[in-house]
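Visitor: This is the structure, below, for whatever I ask next.
Values in this text are rule-based calculations from the coordinates and carry no lab data. Worth saying up front: this structure is predicted, and the values here are computed from it rather than measured. In this analysis, Cβ positions are derived from the backbone assuming ideal geometry, glycine residues included, and neighbour counts consider all displayed protein chains.
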Amino acid sequence: MYLSRYITQHKKDYYRLLQEVRDKNKWEEWVLFMLDGVEKAAADSIVLISAINVLMQQYKQLIRSNHPKLYSQDLLNNLFKYPCTRSEFFQADLQISRSTAIRYLDTLVKAGILTKHKIERDNFFLNDILFELLAKSE
């Protein structure tokens, strides 16, 4: 839950109410303000979690249908654990060899699930749709 966004968006009210707590010991309006923020942040989190869940199910169906030998729950979990990943993360989480991790990642790139980005000598694999969902939520 990202309560900081609510406070940033309502910065004037936040500081005004906080000052009233300090100067006049007026807690009720500040507490209500914060509860409103918690409610809105929770609602935003529910929307984000639902969108992530839908995306996860779409990836699950896509991988299961088109690449059944590749699919595992651990692989799916890894795609959502690391919006930006490397072969080393796949190796460790899936307990597979480096060559198998690279083959899996290249297959996911060809399937349109990940995009490959080379930075100097390293390859990074980005789950673009998940990354966009997370970026929108900030």
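Visitor: If I model a spin label as a point 7 Å beyond the Cα along the Cα-Cβ vector, how far apart are those points for Gln19 and Arg121 in nm?
Guide: Result: 5.7 nm between the two label points.
Visitor: Now for a separate question. Ordered by residue, what ³J(HN,Hα) values in Hz, to whole numbers, does the stretch 15-31 give under the Karplus form 6.51 cos²θ - 1.76 cosθ + 1.60, where θ = phi - 60° and Gly and Pro are x?
Guide: So the J values, rounded to whole Hz, are 5, 5, 5, 5, 5, 5, 5, 5, 7, 10, 6, 8, 8, 4, 5, 5, 5.
Visitor: While we're on this one: Could you check the simple spin-label distance between Ile49 and Arg64, using points 7 Å along Cα→Cβ, in nm with one decimal?
Guide: Rounded to a tenth, the inter-label distance reads 2.2 nm.
Visitor: Further, regarding this structure: At a Cα cut-off below 14 Å, give the aspartates and glutamates reachable from Lys26, other chains included and same-chain residues fewer than 8 away excluded.
Guide: Asp13
Visitor: Of (1) 43, 16, 11; (2) 29, 16, 14; (3) 34, 14, 12, which is the value of semi-axes √(5λ) of the Cα gyration tensor in Å derived from the coordinates here?
Guide: Calculated semi-axes √(5λ) of the Cα gyration tensor in Å: the matching label is (1).
Visitor: Something else now. Extension gain Gln57-Thr100, at 0.36 nm per residue separation less the Cα-Cα distance, in nm?
Guide: Roughly 13.1 nm would be gained on extension.
Visitor: Do any trypsin sites (Lys or Arg not before Pro) in the stretch 24-83 lie in a DSSP loop with no more than 14 other beta carbon atoms within 10 Å, and if so, which?
Guide: Lys26, Lys69
Visitor: Got the relative contact order for the chain handy, in percent, Cα pairs under 8 Å and 6 or more residues apart?
Guide: 21
Visitor: What FRET efficiency comes out for the pair Tyr2/Phe80, r = Cβ-Cβ distance, R0 = 22 Å, nearest 0.05?
Guide: 0.75
Visitor: Lysines near Lys40 by alpha-carbon distance under 21 Å, same-chain residues fewer than 8 away left out - which ones?
Guide: Result set, ordered by chain and number: Lys11, Lys12, Lys136.
Visitor: Turning to a different aspect of this structure: Mark the label point 7 Å from the Cα of Thr107 along Cα→Cβ and return the residues of the stretch 47-87 whose backbone N is within less than 15 Å of it.
Guide: 60-79, by backbone N distance to the label point.
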